[in-house]
Amino acid sequence: MENRRKFPRLAVDVDVCWQKVEGREAADNPTKDTTKNISEGGICLMVYEPLVKGEKISLEFTLPTGKRINAVGRVAWISTFEVISEKAEASRCDAGIEFIDISEEDRLEIQKFVFSFLKR
């Protein structure tokens, strides 16, 4: 099977505050979820709120290095599954988010962070 990824990914848990972008503005309902992995091209975000492929979201997170990242991403793919725990049964999604608006400085900071772990 061919690997279609453009950028190396690092499996890491990072808290992300995100919200859907309506037009050019972010909605006033931020949600906090966690990443499954990260690359300079995007993140895999574990969410409980359903997202739609193609939807734009505003993202804000802090890398473990302390660097705060702000970006806008587009939902590239969704994988939905059921989570069963002692408390309840719920649907959860892994959402592949492609960065579509991120500063070059932030992109390079993510790249340095990912490669610093991959070189080990």
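The values are calculated or read from the model by the stated rules, or taken from the named source; none is laboratory data. Bear in mind the structure is a predicted one, so any value in this text is a computation, not a measurement. Reconstructed Cβ throughout: ideal geometry from the backbone, glycine too, with neighbour counts over all protein chains shown.
Here are the numbers for this structure:
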item	result
Restricting the range 19-58 to residues that are modelled with pLDDT of 85 or more and basic (Lys, Arg), the residue that is nearest to GLU82 (Cα to Cα)	LYS36
Test for VAL16: is it at pLDDT below 95, surrounded by 10 or more Cβ atoms within 10 Å (Cβ to Cβ), aliphatic (A, V, I, L, M) and within 16 Å of the chain's Cα centre (by Cα)	no
The range 89-120, subset surrounded by 11 or more Cβ atoms within 10 Å (Cβ to Cβ) and touching a Pro at 6+ places or on another chain (Cβ under 7 Å), residue farthest from ARG74 (Cα to Cα)	VAL114
Selection status of THR80, surrounded by fewer than 16 Cβ atoms within 10 Å (Cβ to Cβ), within 11 Å of the chain's Cα centre (by Cα) and modelled with pLDDT under 95	no
First in the range 60-73 and touching a residue at least 24 places away in the same chain (Cβ under 8 Å), second anywhere and among the polar types (S, T, N, Q) and outside any strand (DSSP E or B), Cβ under 9 Å, 6 or more apart	THR65/SER116; ILE69/SER103; ASN70/SER103; ALA71/SER103
Residue within the range 42-65 that is buried (at least 16 other Cβ atoms within 10 Å of the Cβ), of a type in the set (Phe, Trp, Tyr) and touching an Asp or Glu at 6+ places or on another chain (Cβ under 8 Å) present	yes
